[in-house]
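Colleague: Mind having a look at this structure? Questions to follow.
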Amino acid sequence: MSIPDIAFPLALSLQVALLATLGCALVGVPIAYVLATRTFRGKQLAGVGVMLPLVLPPVVTGYYLLLLIGRGGVLGAVTKALTGTAYGITFTWQAAVIASFAIAMPLAVNTARAAIAGVDPAHADASRTLGRSELETAVFVVVPLAARGVAAGLALAFARALGEFGATIMVAGNIPGRTNTMALEIYNAALYGDRPTATVLVVVFTLVSAAILLVANRLTRSVTA
Amino acid sequence: MSGLSVNLTKRLPGFTLDVGWVVRDGFTVLFGYSGAGKSLTLSMIAGTMKPDSGRVVLGDATLCDVGAGLWVPPQRRRIGYVSQSAQLFPHMTVLGNVEYALRATPHRERRRRAVELLERLRVGDLGDKRPGQLSGGEKQRCALARALALEPRALLLDEPLSALDLPLRVEMRDLLRDVQRNSGVPFVMVTHDLYEACTLADTLVVYSGTGVVQVGTPRELVGDPATPEIHRLLRAMEVPDSVFDRQHAGKLIPIDRKEHVA
């Protein structure tokens with residue numbers, strides 16, 4: 001086994017997981033904020049919708065994503081036009097980012113939502129009486145006060161994104177040198193009897209995931225303490 | 001036009017607030033049993049809570065008129081609010097807290113203005129500290145500086161002294177009175193302490209358990225309570241007659257501070 005065998009999947013997985021986590025921060029945290037601080041009609045339904053990928057089998061979420069961005073999907077024409085290829089965004093590493101994002105977001109939303117709901121509403125009221133808008137109140141006061149919980153949520157999302165398999169294989173395929181993330185590579189290695197590669201990847205995976213869980217635990221513990 | 005006119009109803013589980021009162025500018029104290037809706041009234045003046053019906057008019061500005069569908073959000077009311085726990089933002093320094101309220105001030109002038117305000121409240125040396133490092137009295141001074149940074153049209157104080165030790169309360173009471181006189185900003189303060197109420201108030205608004213209120217100078221109210229309940233409420237504190245300076249009709253001047261005896 002040569003080193004490049006795992007270098008590509010490792011780098012690709014990190015790239016995919018980091019971008020998916022960035023997506024969770026940009027989309028998931030605002031969703032968490034709204035769910036934690038606002039009351040509106042259909043809030044329960046919205047909450048269920050956001051959490052659904054956490055309980056659905058990833059292949060099901062992947063299939064939904066195919067209906068959205070696949071050939072003939074709702075946004076398929078858009079991605080075809082953007083990429084200039086028949087398959088659009090599917091079977092690319094960008095599709096793997098979308099898959100990881102969809103699967104990881106509930107974890108980020110759930111943890112961030114609890115942390116934001118735990119911030120004393122009097123701080124938000126103080127910010128409002130000091131002339132600051134709802135957006136400024138969220139960005140400068142409430143989210144910073146919930147920062148550790150939000151960070152814990154993003155750490156969990158990163159860990160989940162790093163190991164995404166089911167939805168990724170549905171929308172990004174399993175193309176060596178293009179979309180074979182670590183999780184897919186473990187599957188390939190096991191399938192073709194390449195036990196050394198599988199073992200190395202599994203060990204790396206376990207260590208990285210355990211480290212992230214430790215960090216997330218520390219962050220959430222000091223939130224609730 | 002000056003003064004503050006409040007007419008509000010709010011239904012909450014197990015409690016209905018229904019109050020109406022009008023006061024002139026100066027130092028107004030809302031006094032009464034806990035749970036009578038005094039803090040609730042402040043929240044609705046500040047705009048952090050919406051009433052079910054009624055109006056709030058400050059000077060010539062209508063802040064809220066439910067019947068007319070008018071609602072000015074708290075961001076645009078320019079009403080300072082200082083609570084018992086001060087509510088300084090724990091993740092910012094004291095200076096950061098004060099600068100946060102200086103939204104209308106150009107960036108390069110914010111620091112200078114914030115330092116100025118902290119010095120005025122004699123906490124100029126605490127700018128770089130975090131709220132967690134401050135004592136209760138320091139927190140209140142910093143929260144007061146932050147509220148004044150807003151250049152408020154009125155300042156609301158929700159039991160600002162109740163978490164403080166006795167000697168500090170006396171000091172802070174004097175400070176509050178000075179700040180009110182010097183700034184000319186109308187103050188509305190909630191307290192349970194009748195002595196505090198009588199020594200600070202130009203106008204006293206008494207909340208009773210039934211929501212009935214009486215408004216007047218402390219002297220008028222102690223001398224002529226409108227209901228037996230208000231009589232009981234005011235008598236319970238046994239304000240010594242010497243608290244009233246008979247030279248100043250209707251105005252209370254503390255001569256014999258209970259704290260000094262105790």
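Bear in mind these aren't lab numbers, they're just calculated from the coordinates by the rules spelled out. All values derive from a computational prediction rather than experimental measurement. Positions of Cβ are generated from backbone atoms using ideal geometry, with glycine treated the same way; all protein chains shown enter the neighbour counts.
Colleague: Which residues, counting only those in the stretch B:180-212, are surrounded by 19 or more Cβ atoms within 10 Å (Cβ to Cβ) and either at positive phi or part of a helix (DSSP H, G or I) (or both)?
Modeller: Matches in the stretch B:180-212: B:Gln180, B:Leu194, B:Tyr195, B:Glu196, B:Ala197, B:Cys198, B:Thr199, B:Leu200.
Colleague: Condition check: assigned to a loop (DSSP other than H, G, I, E, B) and of a type in the set (A, V, I, L, M). Does B:Ala68 satisfy that?
Modeller: Details: assigned to a loop (DSSP other than H, G, I, E, B): yes; of a type in the set (A, V, I, L, M): yes.
Considered against the rule, which asks whether it is assigned to a loop (DSSP other than H, G, I, E, B) and of a type in the set (A, V, I, L, M), B:Ala68 comes out as yes.
Colleague: So, one more: So which residues in the stretch B:28-42 are surrounded by 20 or more Cβ atoms within 10 Å (Cβ to Cβ) and not in a helix (DSSP H, G or I), if there are any at all?
Modeller: Scanning the stretch B:28-42 gives B:Thr28, B:Val29, B:Leu30, B:Phe31, B:Gly32, B:Ala36, B:Gly37.
Colleague: Return only the number of the condition from (1) more than 28 Å from B:Trp21 (Cα to Cα); (2) within 14 Å of chain A (Cβ to nearest Cβ); (3) surrounded by 21 or more Cβ atoms within 10 Å (Cβ to Cβ) that B:Arg130 does not satisfy.
Modeller: (3)
Colleague: If I go through the stretch A:161-187 residue by residue, how many of them are touching a residue at least 60 places away in the same chain (Cβ under 8 Å) and assigned to a helix (DSSP H, G or I)?
Modeller: Total satisfying the criteria: 12.
Colleague: Follow-up question, since we're still on this one. Restricting the stretch B:36-58 to residues that are within 17 Å of the chain's Cα centre (by Cα), away from every other protein chain (no Cβ under 12 Å) and among the small types (Gly, Ala, Ser), which is farthest from B:Asp158 (Cα to Cα)?
Modeller: That would be B:Ala36.
Colleague: Then there's this: Please state which of the following conditions A:Val74 fails to meet, knowing it meets all the rest: (1) free of Cβ contacts under 8 Å to residues at least 12 places away in the same chain; (2) not in a loop (DSSP other than H, G, I, E, B).
Modeller: (2)
Colleague: Between residues in the stretch B:109-135 that are closer than 23 Å to B:Arg181 by Cβ and residues that are of a type in the set (Ser, Thr, Tyr), which pairs lie under 8 Å by C-beta distance while being six or more apart or on different chains?
Modeller: B:Arg113/B:Thr105
Colleague: In contact with a helix residue (DSSP H, G or I) (Cβ under 8 Å, 6 or more places away or on another chain) and within 14 Å of chain B (Cβ to nearest Cβ): which single residue out of A:Thr137, A:Thr168, A:Thr92 fits that description?
Modeller: Answer to the check: A:Thr137.
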